[in-house]
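These notes concern the structure reproduced below.
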Amino acid sequence: MILVLVGAVLLVAYFALTPLLMLLYSSFSDAPPGTLGNLTVANFARAYLDPEFYPLFWNTIKFAFGSSALSFLLGSFLAWICERTNTPLRGLLTTLVIVLFVVPGILETVAWILLLSPQIGLINLAIRKLVGAPGFSLNVYSLGGMIWAESMNLYPLVFLLMSAAFRSQDVAMEEASLTCGAGNFATLRRITLRLVTPAMLSVMLITFIRAAESFEVPALIGVRAGIFVFTTKIYGALQRLRPHYGIAGAYSLILLLISIVGLFSYFRLTKAAERFATITGKGYRPRRIDLGVWRYVTSASCIFIMGVTAILPLTNLVWSSLTPYMAVPSLEMASLLSLKSYRELFHFPFAQTAFVNSLVLSFASASAVMLLTSVIAWITVKSKIRGRFLLDNLAFLPIAIPGIVLGVSLLVLYLTIPIPIYGSLWILFIAYMTKYLPYGIRTASASMIQIGKELEEASVASGASWLQTFRRILLPLLMPGFVAGWIYIAVVSLRELSTSILLYTQQTIVLSILVFDLWESGLYSSVSALGVLMVFFLMVVTWTARRIGARIGYIE
Amino acid sequence: MEKKRYRSREFPVLTLIALALVLFACNTLWGSGHIDMEGARKEGRATIYSSISLEDLTILSRAFQKKYPWIKVENYRAGKIRLGQRIITEARAGRHQFDLLLSSAFTTLEMKLQKLLVRYESPERSHYRPELKDPEGYWTAAQINTMSASYNTKLVNRDEVPKHWRELLNPRWKGRIAINANRPEWYIGLLQMMGETEARRYMRDLADTKTIPLESATLADELLAAGEYPLYANAAPGNTERIMKKGAPVDWARMNALPTYPILVSVAAHAKSPNIARLMADFLLSEEGQRVLREIPRIPARTGVEPNPSHLTRGLNIFYININAMVGKGDDLEGEFRRTFGLR
């Protein structure tokens, strides 16, 4: 037990501390990472005495809060419907939401420009024609438009994590509430939602920080709208041949601070872990609520939400992959449709290598992160070891490190120390481990909180070792959260670009580099074709996983 | 006595001069294209770092490998900034990974300043205009990129197409011109073409027409085709031609002068395969290499090899940006460009 725990702690420290220390050091230094400089607070002065920073920061707060709130509402509503009600078509809904993840960020953002631009946006053109209101315009180039586009990026994550939480709920408390005369809605509000508080807080924290540091929406929509967020400042400091790592570091520390405060509140609110334990010795079986005729209403609302948030952008993606250039759908364009971009894609150099590398990395990093963070979550939730809050922090804080800073830190480290992994897949694996630890720890921790301590105690009392208990009792009970975290990491790691671009070589090229290269080469149709193939591939994988899950009784 | 004294004084001076001459000869020989083919065979492999797309880079390196099948070439590609950051980080750690650099002036000049490049005067350089090669021999242009305004043919009438940069200030275009924030070379080009004071005033006036800033060349090209705006001020006609070929309703304006920047080829100071690096540089600059480049299609820099289509340069007033005037100013000028157009 001690060996496993110490090993896990050391691994987390190894992954997270290097870039964190480098970030801290460079923010207090006048030299770039990896070189000795003088200690200084000049970076902070330059960053925070800049009057331009504050309006940008305020924009960031509005943007991140809006995106976090909207994606939370949407994702949780869909998750509740899928996991806890007998709404028809809920299986299809789950598959659709998950595949949305894999669409490269650039394409998803461009899709929303093509749907909601006042000039050429399809939704605007359609409404103007159908309703006969020529002046009607939803404007993607606004704060609302940015929040919408970012939420569309984030809500599948909320859906996944909240589904896991709803799946591990005990029906007994809800039944007690219903027996006492509370209605379905009151039970939902006062029992169901309160029990998933840890998961809700985790999701809000992650989505808030993800939105605050997001790049595609601010760059592609925000710049055009004249709404700048403070990642623009970080980007500006790093997008130079002589990057201001120190200033970028000083700005990033604000995200670190938000993360620490967020985590602190999370720990305060979930302090009495046993209050949230729904998986106890009494056995649990989540009950599906029979909505009666209302299930058709929920079904219709889901179809509407999925139609707008998934089918429209996905159709747009397919359309873009078939047209030779970006164009509003029309009969004239329909005659130009072809599969040329798909053919071009197969002739693209290194496409196969990139596909294989990405799959290996995605599978390996998702599995390794979830295993490691499950052990860490046990320490932070179940043990009484001193300093466990710090450990949770350590695993979560890499969320605030900009991708480029992470890339440079790893470059410096593995160019300097005699571990020969520079230029290999290992360095990318370590980068992905570091980058996705925060998502792993939040999912694992929110799930661990739901498990009562008596099951573990029973196992140990029956003579099982800690490792046996962990492997045979805890891990299976953690599965909903584990699988949700695994899926998320496996899929988003296929999209990781900002760190990979500094670390890859011809042999270790990954799909996201390919997407970036196609995009930069102006091959928009081919990027879209690649996006469609990734979606298709993921649909097949999800469908197969669900079939296997159904066979082993994990998924209905 | 007199004679003897003369000799004893002259001897060290003569020795020094002789030594200097030998060193100069070696340096000239080495810097001017001496390639040890036996050495190249022993090296066997080399790495190109580049900011041109991976697909195009691979076409070039495959053509080179077809000529020299015993050489293995590794390609690495990133945008000009990330490319520079990787090279500098590697150099700081004392690990030099690239042999040949094929990138924009931004990266190349910085690498020259950081002493990460070596002089190499390829014999092919005699076919290049003076503006397209470094007088000190550190770089030579392999490709040029012209810049002009592009327009959507459905939204702009033939008689409205601007012919002079000043026409972009016409109130007709207010709020209808896109600017690609990732092409500072255009700003630098106009600064040199018009003179700094006049150009800065022009840029401010242009920004006042409420230009539409965009962070990506691809997005700017594609949204122009889709009809989001009628005019795109700092387009690359080479890219516009590519989408025109696919049938998009776009074309580019034949402006009074087209600011033009090169993609430069240079050899790494710490190349592990210096002979192959020189061989590759020679190939890229040779007529054969330039024809491969032309078919990609990219605009060859070599005099006498016309681009495909030839009207990309023929009969036009090409203004070559003075690269050496940008030394050490790249970041500042880019910042100035972005701020002028309301970007941060």
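Inter-label distance, A:ARG194 to B:ARG254: 7.9 nm, where each label sits 7 Å from its Cα along the C-beta direction. Give A:LYS382/A:LYS435; A:LYS435/B:LYS42; B:LYS67/B:LYS272; B:LYS66/B:LYS246 a once-over and call out the pairs whose C-alpha atoms are over 32 Å from each other. Where the Cα-Cα span goes over 32 Å, the pairs concerned are A:LYS435/B:LYS42.
Of A:PHE396, A:PHE470, how do they rank once you tally other Cβ atoms within 10 Å and put the fewest first?
Working: A:PHE396 30, A:PHE470 19.
Lowest to highest Cβ neighbour count: A:PHE470, A:PHE396.
Measuring r between the beta carbons of A:LEU336 and A:TYR54 and using R0 = 45 Å, the FRET efficiency lands at 0.40. A cut-off of 5 Å between modelled amide H atoms, ignoring neighbours fewer than 5 places along the same chain, links B:PHE319 with B:LEU258, B:THR260.
Could you tell me the calculated FRET efficiency between A:ILE61 and B:GLN65, based on Cβ-Cβ distance and R0 = 41 angstrom, to the nearest 0.05?
The pair A:ILE61/B:GLN65 has a calculated efficiency of 0.15.
Relative contact order of chain A: 24 percent, from C-alpha pairs under 8 Å at least 6 residues apart in sequence.
Quick one: net charge of A:LEU518's neighbours, Cβ under 10 Å, K/R +1, D/E -1?
Details: positive: none; negative: A:GLU344, A:ASP517, A:GLU520, B:GLU55.
Net of charged neighbours comes to -4.
Assigning unit charges at the beta carbon (Lys, Arg +1; Asp, Glu -1) and nothing else, what dipole magnitude in debye, to the nearest 20, does the protein assembly as shown show about its Cα centre? The dipole magnitude comes to about 900 debye. Under a Gaussian network description of chain B, with springs only between Cα atoms under 10 Å, the residue in B:THR140, B:THR240, B:THR197 that fluctuates furthest is B:THR197.
Looking at the protein assembly as shown alone, DSSP beta bridges between its own residues are antiparallel in about 55 percent of cases. Across chain B, Cα pairs under 8 Å and at least six residues apart give a relative contact order of 26 percent. Here each label is just a point 7 Å from Cα along the line to Cβ, and for A:THR179 and A:VAL41 those points are 6.2 nm apart.
Could you give the size of the charge dipole of the stretch A:382-510 about its Cα centre, using +1 on the Cβ of each K and R and -1 on the Cβ of each D and E, expressed in debye and rounded to the nearest 20? Working shown, then result.
Working: 10 positive and 5 negative charges, 38 e Å.
Taking the Cα centre of the stretch A:382-510 as origin, the dipole is about 180 debye.
Kirkwood analysis of the protein assembly as shown, using all unique Cα-Cα pairs, places the hydrodynamic radius at 29.7 Å. Amide H contacts under 5 Å for B:ILE177: B:ILE212, restricted to partners 5 or more places along the chain or on a different chain, H placed in the peptide plane at 1.01 Å from N. Take the Cβ atoms of A:THR95 and A:SER462, set R0 to 30 Å, and the FRET efficiency comes out at 0.15.
The gain in end-to-end length when the B:GLU295 to B:GLU196 segment is fully stretched comes to 32.0 nm, 0.36 nm per residue minus the alpha carbon separation.
Which value, in debye to the nearest 20, describes the size of the charge dipole of the stretch B:44-194 about its Cα centre when Lys and Arg Cβ atoms bear +1, Asp and Glu Cβ atoms bear -1, and nothing else is charged?
Computed about the Cα centre, the dipole is about 300 debye.
In order along the stretch B:75-83, the phi-based Karplus estimate (6.51 cos²θ - 1.76 cosθ + 1.60, θ = phi - 60°) of 3J(HN,Hα) comes to 10, 10, 10, 8, x, 4, 6, 4, 4 Hz; Gly and Pro are listed as x.
Would you work out if the stretch A:30-88 is rounded, prolate or oblate? Take a ≥ b ≥ c from the square roots of the eigenvalues of the alpha-carbon gyration tensor; rounded if a/c is under 1.5, else prolate when a/b is larger than b/c, oblate otherwise. Before the final figure, lay out the partial values.
Working: a/c = 7.81, a/b = 2.55, b/c = 3.06.
Judged from the Cα gyration tensor, the stretch A:30-88 comes out oblate (a/c at least 1.5, b/c at or above a/b).
Look at the dipole of the stretch A:412-556 built from charges on Cβ: of A:SER500, A:PHE537, A:ALA461, the Cα furthest out on the positive end belongs to A:ALA461.
For the Cα atoms of chain B, what angle does the longest principal axis make with the long axis of helix B:196-208, in degrees from 0 to 90, nearest 10? Between helix and principal axis, roughly 40 degrees.
Among bridges DSSP assigns within the stretch B:93-243, what percent are antiparallel (round to 5)? Counting only bridges with both partners in the stretch B:93-243, antiparallel ones make up about 45 percent. Counting Lys +1, Arg +1, Asp -1, Glu -1, what net charge surrounds B:GLU306 among other residues with beta carbon under 13 Å of its beta carbon? Neighbourhood net charge equals +3. Phi angles across the stretch B:233-249 convert, under the Karplus curve 6.51 cos²θ - 1.76 cosθ + 1.60 with θ = phi - 60°, into 3J(HN,Hα) values of 5, 10, 7, 9, x, x, 5, 4, 4, 4, 7, 4, 4, 7, x, 5, x Hz, Gly and Pro given as x.
Derived scalar couplings between HN and Hα for the stretch A:88-94 equal x, 6, 5, x, 4, 4, 4 Hz in order, rounded to whole Hz, by the Karplus curve 6.51 cos²θ - 1.76 cosθ + 1.60 (θ = phi - 60°), x for Gly and Pro. In terms of packing, defined here as the mean over residues of other Cβ atoms within 10 angstrom, the peptides A:61-69, B:147-155 line up highest first as B:147-155, A:61-69. Give, as ranges by residue number, the residues of the stretch A:337-360 whose backbone N falls under 18 Å from the point 7 Å along Cα→Cβ of A:SER424. A:357-358, A:360, by backbone N distance to the label point. Of the residues B:MET37, B:MET111, B:MET255, the one that moves most in a GNM of chain B with alpha-carbon contacts below 10 Å is B:MET37.
Structure remark: mean-square fluctuation, Gaussian network model of chain B, C-alpha springs under 10 Å; the largest value among B:ASN182, B:ASN157, B:ASN275 belongs to B:ASN157.
When shorter helices are ignored and each DSSP H run of at least 4 residues is given -39500 (n - 2.57), the per-residue value for the protein assembly as shown at 222 nm works out to -18000 deg cm²/dmol.
Quick note: the coordinates plus some simple rules give every number you see, no bench work behind them. Quick caveat, the model's predicted, so the values are computed rather than measured. We place every Cβ from the backbone using ideal geometry, glycine too, and count neighbours over all the protein chains shown.
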